[in-house]
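The values are calculated or read from the model by the stated rules, or taken from the named source; none is laboratory data. None of the values given here were measured: they were computed from a predicted structure. Cβ atoms come from the backbone with ideal geometry, glycine included; neighbour counts cover every protein chain shown. What goes into the accessible areas is simple: the full protein's heavy atoms, side chains included, and nothing from ligands, DNA or RNA. Shrake-Rupley method; radii C 1.70, N 1.55, O 1.52, S 1.80 Å.
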Amino acid sequence: MEAVTPRHNWLQRNLKGDPILWAIVLLFSVISIAVVYSATGTLAYKKSDGNTEHFLFKHTSLILVGLGFMFAAHRVDYRHYSRLSLYALLVSVPLLLYTFFVGGTTLNEASRWLTIPVINQTFQPSDLAKLALISHLASMLSRRQQHLHDFKSTLLPVMLWVGVICGLIILSNASTALLLFATCMLLMFIGRVPLKQMAVMVAIGVVLGGAGLAAGQRLGTVMSRVSSFSDPNKKTPFQLEHSYIAIATAGIAGKGPGKSTERNILPHPYSDFIFAIIIEEYGLLGGAVVLLLYLAFLYRGLKTVMNSYGAFGGLLSAGLSFSLVLQALVNMGVAVGLGPITGLPLPLLSMGGTSLIFTGISIGIILAVSRGEPEIRPVVGSDPNAPRIPSQRGAYA
């Protein structure tokens, strides 16, 4: 009989939730450290006097911080996130407004970052807003399962929050806003919102989104990128051309770790086009492994939905899982020419700052749902002061 070590006991006591999801995230972390270290070689020579370990230590530290936030988030009873999400939204709105109109740090012709004093770390309020909106939307839909046909009590508050947050984000970050809106629509579909009401939401979203895009900073960039993608007679954009070269020269097994040549030419090979570097160094097999890991992540997230005790946990896990995986699929699709350039990083793999922390929190919440604490609901027709009973697994009531 195998002896149980103190370390094994500690892991059992402290690492709750889906163990396969834990393993997937840790594997992503290892891959990210290896690929980012390779992809930041040129950046290191430009920004840190040739110290190639500078970005390795910085990125590794941020990954560890993200894992720390993931650990902390997964220890919290996920039902508390229903209330916290509203507070986070109320904080997100003034931050988004301030970033765009007053004091945002401008990078790549877009004012979408705030610089945190003392630590001098950039922060995108849209990362907080995304997490807050998905969580609050899951909360609203779970509490209104019996009134989904009521426009005033259900569609109106949902429409207001989705419209405000996506509208503010699209002023400076069109791709993030569109992806968040698509995630919200998918979450509403899973939450059994009638298709007629969803069609109204889409129509309103198109009008408000177009107005926000026209009033914001990115209309010219969006039109240029869509035009370049849809018009075969136009010259392939520089970064996409070198992404194609990286993929075309990779072969089945790739050139080997650290042997990428396009990392020295591609803009942002450690973030927007890191998937091209992964394929160049690890081949089509490496790219397939990464894709399968994301699909496995989505599967485990949806398995958590099926095993959840109530509507809020299921919708929360579904929304956060789809948000991360949809962004990953868009990033990988751009790298291989299946869509216009977006500037979205590859979650769990790209070098990032506070985005790694919010990704960690999102996964921690999914793990918290997978722990399986029952949601409490009253017995129908009972005294409101009577004892409450837990919802059944997989129930949306």
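Taking the conditions exactly as written (under 23 Å from the mean Cα position of the chain (by Cα), open to solvent by 40 Å² or more (accessible area, probe 1.4 Å), at pLDDT below 85 and among the charged types (D, E, K, R)), does R218 satisfy them or not? Judged against the criteria, R218 is not a match. The set of residues in segment 181-194 that are open to solvent by less than 30 Å² (accessible area, probe 1.4 Å) and either farther than 17 Å from S317 by Cβ or in a loop (DSSP other than H, G, I, E, B) (or both) comprises M185, G191, V193, P194.
Within segment 328-344, being modelled with pLDDT of 90 or more and open to solvent by 20 Å² or more (accessible area, probe 1.4 Å) holds for L329, V330.
Restricting segment 231-252 to residues that are in contact (Cβ under 8 Å) with a residue 60 or more places away in the chain and hydroxyl-bearing (S, T, Y) leaves a set whose member that is least open to solvent (accessible area, probe 1.4 Å) is S243. Scoring L338 on the criteria (1) within 12 Å of the chain's Cα centre (by Cα); (2) under 26 Å from S243 (Cα atoms) leaves a single failure, condition (1). So, in segment 345-382, of the ones that are open to solvent by less than 30 Å² (accessible area, probe 1.4 Å), among the small types (G, A, S) and in a loop (DSSP other than H, G, I, E, B), which residue ends up modelled with the highest pLDDT? The extreme case among them is S350. Screening V289, V336, V325 for residues that are more than 27 Å from A138 (Cβ to Cβ) and free of Cβ contacts under 8 Å to residues at least 60 places away in the same chain leaves exactly one candidate, V289.
Applying the condition of being outside any helix (DSSP H, G or I) and modelled with pLDDT of 70 or more to segment 16-51 and asking which residue is surrounded by the most Cβ atoms within 10 Å (Cβ to Cβ) yields T40.
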